[in-house]
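Written out below as structure tokens is the structure these notes cover.
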Amino acid sequence: MGTGPVGTGARPVTVRLARWSAEHPWRAIALWVVFVAVCFVGGSAAGLNEADQSDQAIGESGRAVLIVDSGDFADPAVENVLITPRDGTLDMTAARAAADDAAGRLRSLVGVAAVGEPVPARDGSALLLPVTMSGDPETAADRVQPLRDATATVQEDHPGLRVEQVGGPSINKALDDTLGADFKRAELLSLPVTLGILIVAFGALIAAGVPVLLALSSVAAALGLSTLASHLVPATDTTASVILLIGMAVGVDYSLFYVRREREERAKGRSGLDAVEIAAETSGHAVVVSGFAVIISMAGLLLVNDVVFSSLAVGSILVVAVAVIGSLTVLPALLAKLGRWVDRPRVPLLWRLTAPRTGRHGRPAKPRFWPAVLTPALRAPVATLVVSVGLLLALAAPALGMKLKFPGMEDLPRTTPAMQAYDRLTAAFPGNGTSHTVAVRAPAGDADRVRAALTDLAGRASADPLFAPTEADGPKIRVSADGRVSVLDVATPYPSRDERSVRSLEKLRAEFAPAALGAVPGVEYAVGGDVADSEDYAGHIRQKLPLVIGFVLALTFLVMAWTFRSVVIALSSILLNLLSAGAAYGLLVVVFQGTWAEDLLGFTSMGAIVTWLPLFLFVVLFGLSMDYHVFVVSRIREGIRAGMSNREAVAHGITSSAGVVSSAAIVMVGVFAIFATLSTIDFKQLGIGLAAAILLDATIIRAVVLPSLMTMLGDRNWWAPRFLRARSAPAPTDPPAPAPELVGVR
């Protein structure tokens, strides 16, 4: 027989909202469809406001960018035809003939503004033909193909030489093609992987489709809202990808928690409306709390004072908020309308394995696997806690040696001809590789003094082995039309992440630039470039990381303490999530700062972790881990309020939530692992870091560390100062029930 809804008295707003949606399903569904459509269409109509270079200026390298931008330089896109021997030494006569052929073909193309004179390498190993493109340099990659076709024709006519085209537009075109194919594959795989895992988790197609439907609609609405928000906080290229990533993760999680609980209550004999109401009061409450926790984590990114992180924070906050709203409105409506049809059509074998099973008196049947897993934590909590925490700390220890760097050109995949040509270009012409940019702004009347100072600086650098020799015709100094801004590129023959490149930057900033430019009155200068970008951004992240961590920990502590009315639960939540994040950091360092996993995962080690990853990884992991923690601890608290002892409640909470937590974790691990298959090192590190951390969190943390800690603490788990204690506890959902049988536990 069914029982009535939980408890008596006034219901929380989340429960009343879910009840109304369940009683008026068509209205709730229609309102949700209209909301998603208005958000998406409104965003499309408003258009996207993208961040420019001035929005992303950080440190001295950022000041260099701003100085250069103030000069309004004509900065056309430049391509190069590189002619090298296939083997042996270069026949310069044949090379010049090929260069003349290429120049003639390229001058006839509409997209070419000018073709320069061929430049031989110092050692005679190559000949370089510079080509200046016309039009907007931002769209040059879309217009470079005719130039590449002309160069390919020259190659056919001169088979004894290697004739290649290389330059910014060619490289961008090749990377767009490669990465575009990568992302399409990832997007095509992520949806069927998610759906397949949910089918295994539910054993029914409609039940598996509901979480995906909510997640996709939440992502669509959030994309539109983020487009509107970009007029307040400019968006970046990665914003939409992160909205998709976070939206699918939390959307599936929240639906999974809710649908599983609703099915459990129906299996106990409750009516459809009562089952939805109980799911709203239990899992729905957990969704709201975990949603707040994720939003708090993402809000911490706003403290970085960086447009990239601010954009990611706004997009993530919007998609989480939309997913929470959807789980409290349209999800109850769908479940109420579908009723028992949510369990159709069934997958026979999977249905028997996953359907909620009940024993006598309508109580859930006793599980077998998870009680066996929990046995060490409940029988010997102190020893289990010490061993498991010790292992996680050992895994986290390598994070103390973490190095941060931006990926350079040398870290891009070498599978494309453009990148292979780039390697040959920088070997023959070191000045075309890594370079530092010295940007100077001074009164127009001092332009000659600035030029003399920059010439002196170039001479000092050319005599130092940390820098590439100056070209034979002297340093190339660009001066703005108004004479106020001068720019000099100082090349180094080493890759951008090589320590010698970093030392050359330090020497340029500390010695050469002050010595050469310090005597010019009223001068403003800054040293930028790729190496400077990497070093300045790493320093910026190291400075902001403690602030972000402190903000996230403090607010999460307050939310957890208020939600569970326990200081101990709040503190243990913080510590467990820090342990999970630390283990993920250590694993990243072990895998990616060494070379042992290169062949296994298909990457070339850059000897460092991508600069932005630790901060982003922390807030994402902290937020997503809190989903599981809130859900599990909520089930444990239900057991306490139902009259169980602390040990029984821990066993009840873990075993009753293990299936849904495992399913949610497997979904996220599967999706994140797909990102690890992408070509670029930053997405490989992101995918491996997220997948490994979620796996550790859902297994060792939730099934070993958490139960052993809560068992050891006993009733002290629920201690709180008087002002924080709840006045009265709500009535339990069910009468006290025996905890699952545990091997060797009395």
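The values are calculated or read from the model by the stated rules, or taken from the named source; none is laboratory data. Quick caveat: nothing in here was measured; it's all calculated off a predicted structure. Here the Cβ is made from the backbone with ideal geometry for all residues, glycine too, and neighbour counts use every protein chain on show. The protein model used for the area step is the full one, side chains on, heavy atoms only, and it has no ligands, DNA or RNA in it. Shrake-Rupley method; radii C 1.70, N 1.55, O 1.52, S 1.80 Å.
Within the range 43-94, being among the hydroxyl-bearing types (Ser, Thr, Tyr) and in contact (Cβ under 8 Å) with a residue 24 or more places away in the chain holds for 44, 61, 70, 84, 89.
Quick one: in the range 470-501, which of the residues that are more than 23 Å from residue 449 (Cα to Cα) and open to solvent by 10 Å² or more (accessible area, probe 1.4 Å) is modelled with the lowest pLDDT? By that ranking, first place goes to 497.
Given the options 569, 541, 549, name the one that is open to solvent by less than 10 Å² (accessible area, probe 1.4 Å) and within 18 Å of the chain's Cα centre (by Cα). Among 569, 541, 549, only 541 is open to solvent by less than 10 Å² (accessible area, probe 1.4 Å) and within 18 Å of the chain's Cα centre (by Cα). Of the residues 252, 233, the single one that is under 30 Å from residue 50 (Cα atoms), of a type in the set (A, V, I, L, M) and either open to solvent by 10 Å² or more (accessible area, probe 1.4 Å) or touching a strand residue (DSSP E or B) at 6+ places or on another chain (Cβ under 6 Å) (or both) is 233. Please verify whether residue 662 is of a type in the set (Gly, Ala, Ser), crowded, with 23+ Cβ neighbours inside 10 Å and assigned to a helix (DSSP H, G or I), treating the condition exactly as stated. No, not satisfied.
Would you pick out the residues in the range 665-676 that are out of contact with any Phe, Trp or Tyr (no Cβ under 9 Å at 6 or more places or on another chain) and either crowded, with 20+ Cβ neighbours inside 10 Å or touching a residue at least 24 places away in the same chain (Cβ under 8 Å) (or both)? Give the steps one after another, and end with the answer.
Taking the range 665-676 and keeping what is out of contact with any Phe, Trp or Tyr (no Cβ under 9 Å at 6 or more places or on another chain), we get 666-674.
Listed by number, the residues that qualify are 666, 667, 668, 669, 670, 671, 672, 674.
When the residues of the range 266-306 are filtered to those that are open to solvent by 20 Å² or more (accessible area, probe 1.4 Å) and part of a loop (DSSP other than H, G, I, E, B), the one that is farthest from residue 62 (Cα to Cα) is 269.
Filter the range 92-116 down to residues that are part of a loop (DSSP other than H, G, I, E, B) and touching a Leu at 6+ places or on another chain (Cβ under 8 Å) and give me whichever is farthest from residue 148 (Cα to Cα). Of everything passing the filter in the range 92-116, 116 is farthest from residue 148 (Cα to Cα).
In the range 153-170, the qualifying residues are those that are polar (S, T, N, Q) and crowded, with 24+ Cβ neighbours inside 10 Å, and the one that is modelled with the lowest pLDDT is 170.
Please return the ranges of strands (runs of 3 or more DSSP E) entirely within the range 404-508 where 2 or more residues are closer than 30 Å to residue 174 by Cβ. Full working, then the answer.
Values: elements: 435-441, 477-479, 485-491.
In the range 404-508, 435-441, 485-491 are the strands (runs of 3 or more DSSP E) which contain 2 or more residues that are closer than 30 Å to residue 174 by Cβ.
For the range 9-66, a residue qualifies if it is of a type in the set (D, E, K, R) and assigned to a helix (DSSP H, G or I), and the qualifying residues are 16, 19, 23, 27, 55, 60, 63. Applying the condition of being in a helix (DSSP H, G or I) and touching a Ser or Thr at 6+ places or on another chain (Cβ under 8 Å) to the range 670-683 and asking which residue is farthest from residue 631 (Cα to Cα) yields 681.
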